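Following: one structure in structure tokens, then a few remarks.
Every number here is computed from the coordinates shown, using simple stated rules; none is lab data. All of these numbers come straight from a predicted model, not from anything done at the bench. Glycine also receives a Cβ, built like all others from the backbone with ideal geometry; neighbour counts cover every protein chain displayed.
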Amino acid sequence: MLDTGRYEAPNEVRDDQIDWLKKDLSEHKDAIFTIVISHKPYWINTVAKGKPDKLHDIFVANSVDAVFTGHFHNYFAGEFDGIKYTSVGSSGGGAEEDPTGLLYHFVWATFDGENLSLAPIKKDAVLPWDQMTAKEYLFIKTINSRGITTTKAPIRNDLRVAKTKISVKIDNLCAESPIEDVLKWNVPKGWQVKPEGMQIKVAPGESLDAEFTVRCKGPLYPVPSFTLNCPYRKDGTMKVEKELGMFRTAVARKAGTPPVIDGKLTENVWRKPTTTFFKPDYVEKEVEPSEFYFAYDSDNLYLAAKCFDSKMDKLTAELKNRDEMIFGEDCVGYFLQTVEDGPVYQIYFTPLGTAFDQKIVMEEDGSWDADRGWNGEYIVKTARGADYWNIEVSIPLEQLGAKGTEGKAFAVNFRRKQPRLKSAADWQVPISYDPETFGVLELK
């Protein structure tokens with residue numbers, strides 16, 4: 001049994017655990033069966049995609065028979081180099097029904113001395129082990145990620161959406177069956193979508209652009225969403241559900257003179273902050289007031305934030321080493337994509353100025369690869385008052401593959417986390433590594 005809960009990829013698993021694994025498997029090569037159990041299914045993004053995986057290499061070298069994982073709350077399975085990989089879904093926690101109808105379940109393993117048989121069991125049914133193959137699971141993720149894409153509606157400063165035309169592009173990625181369904185919108189109170197339904201027919205390998213008009217006069221959240229059934233194999237369809245894409249706009253002001261990075265935020269460039277945020281569940285302003293500022297010059301991006309706190313003695317800020325899990329402490333965080341289709345940079349800072357950062361590369365199926373070895377260069381200073389803490393940062397843009405050019409725009413999202421209130425303040429909801437969920441930072 002391996003501890004994989006704290007790592008995102010096989011190459012992040014600690015050397016002492018790898019050494020133990022090799023030793024333990026080597027000492028028990030005479031076992032009739034060898035089973036490995038861990039939490040995160042690294043294998044779906046490595047072995048199943050034909051990519052290197054040092055854990056898989058160890059399993060093959062030591063005649064492992066089966067590997068069981070979880071984490072995604074979905075069932076899928078595949079055999080690679082004679083090893084049966086099975087990712088078990090949910091037996092009681094949160095779950096979404098997969099296209100085969102499998103929801104809550106467990107897996108029955110039968111050993112007869114020579115063979116290993118596996119079957120997912122749900123209420124009143126025993127299903128085949130390959131009920132959902134790894135290949136099908138990855139294809140379903142791809143359909144969810146890029147089978148249906150939408151243009152995004154701009155959010156005004158009053159958190160409303162003016163009458164806007166949007167386009168929904170539907171690509172039938174399945175080579176075996178057409179898409180034949182009605183695209184149906186779920187329209188919350190305060191929103192208008194016209195038309196609310198449209199008959200869709202798309203041949204295999206073809207695409208279609210459907211146009212709609214949207215408008216919001218009431219609460220911004222919840223947003224409209226639509227569903228469309230799409231084929232993922234000749235005899236199987238899946239329901240794709242998408243929310244209306246939207247984006248907010250923040251402004252980075254040109255700094256004629258670079259601000260002094262001292263945490264005091266006294267320069268004139270730090271004006272007109274962004275102050276309206278949402279909790280992850282779309283509730284506005286649950287966290288104490290927060291102010292975020294942006295500035296730039298040709299070589300640098302400047303970040304600043306003022307986080308008010310009525311109980312400064314209760315701040316959680318103890319970690320001092322770079323890339324420790326500071327996102328569990330009081331902190332501010334940024335998600336930046338400076339080049340279209342380029343990597344996303346996730347950067348967090350605490351009231352101590354401790355940084356956590358990584359480079360994220362999104363894949364076609366919506367999964368992501370995190371490079372925690374990436375370390376940006378920053379000048380960071382913090383300051384505290386009776387009821388607030390500040391952060392002020394200078395980031396050389398060259399390391400983000402960009403220049404500070406007036407009129408340019410970056411994709412961005414940002415947030416504040418306040419563990420005392422067990423909450424977060426997010427600028428654009430939902431917080432995600434996917435730049436399609438980001439807003440826009442305009443360089444003016």
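Given +1 at the Cβ of Lys and Arg, -1 at the Cβ of Asp and Glu and no other charges, the dipole of the stretch 315-440 around its Cα centre is 720 debye to the nearest 20. For the listed peptides 24-34, 199-209, 413-423, a ranking on the average number of other beta carbons within 10 Å per residue, highest first, reads 413-423, 199-209, 24-34.
Candidate values (1) -0.44, -1.03, -1.17, -1.37; (2) -0.32, -0.81, -0.98, -1.37; (3) -0.38, -0.94, -1.10, -1.39 were compared with log10 I(q)/I(0) by the Debye sum over Cα atoms at q = 0.07, 0.11, 0.12, 0.14 Å⁻¹ computed on the shown model; the agreeing label is (1).
Here's the picture: charge each Lys and Arg Cβ at +1 and each Asp and Glu Cβ at -1 in the chain, and of 237, 50, 277 the one pushed furthest to the positive end of that dipole is 277. Taking only the C-alpha atoms of the stretch 129-256, the Rg (one decimal) and the largest Cα-Cα distance, Dmax (whole number), read 17.3, 64 Å. With viscosity 1.567 mPa s and temperature 4 °C, the Kirkwood radius over alpha carbon pairs of the stretch 10-132 converts through Stokes-Einstein to a diffusion coefficient of 84 µm²/s. Among the listed pairs 264/417; 194/234; 163/184; 279/381; 135/359, those with a Cα-Cα distance over 30 Å are 194/234.
Inter-part distance, the stretch 358-405 to the stretch 127-167, computed on C-alpha centroids, equals 27 Å.
When +1 charges are put on Lys and Arg Cβ atoms and -1 charges on Asp and Glu Cβ atoms, the dipole computed for the stretch 23-177 relative to its Cα centre reaches about 1340 debye. Most tightly packed first, judged by the mean number of other beta-carbon atoms within 10 Å of their residues, the peptides 393-399, 133-139, 405-411 read 133-139, 393-399, 405-411.
For the chain, the 222 nm mean residue ellipticity estimated from helices alone, with every DSSP H stretch of n ≥ 4 adding -39500 (n - 2.57) and the total spread over all residues, rounds to -2000 deg cm²/dmol. Candidate cross-link partners of residue 444 among the lysines, defined by an alpha-carbon separation under 19 Å and a same-chain spacing of 8 or more, comprise 254, 272, 403, 408. What residue among 293, 337, 351 has its Cα farthest toward the positive end of the dipole of the stretch 276-367, where the charges are +1 on Lys, Arg and -1 on Asp, Glu, each on the Cβ? Farthest along the dipole direction, towards plus: 351. Net charge dipole, the stretch 142-246: roughly 560 debye, given to the nearest 20, about the Cα centre with Cβ charges of +1 for Lys and Arg and -1 for Asp and Glu.
Sort the stretch 297-444 into rounded, prolate or oblate with this rule: let a ≥ b ≥ c be the square roots of the eigenvalues of the Cα gyration tensor; rounded if a/c is under 1.5, and if a/c is not under 1.5, prolate when a/b is larger than b/c, oblate otherwise. In terms of gyration-tensor shape, prolate.
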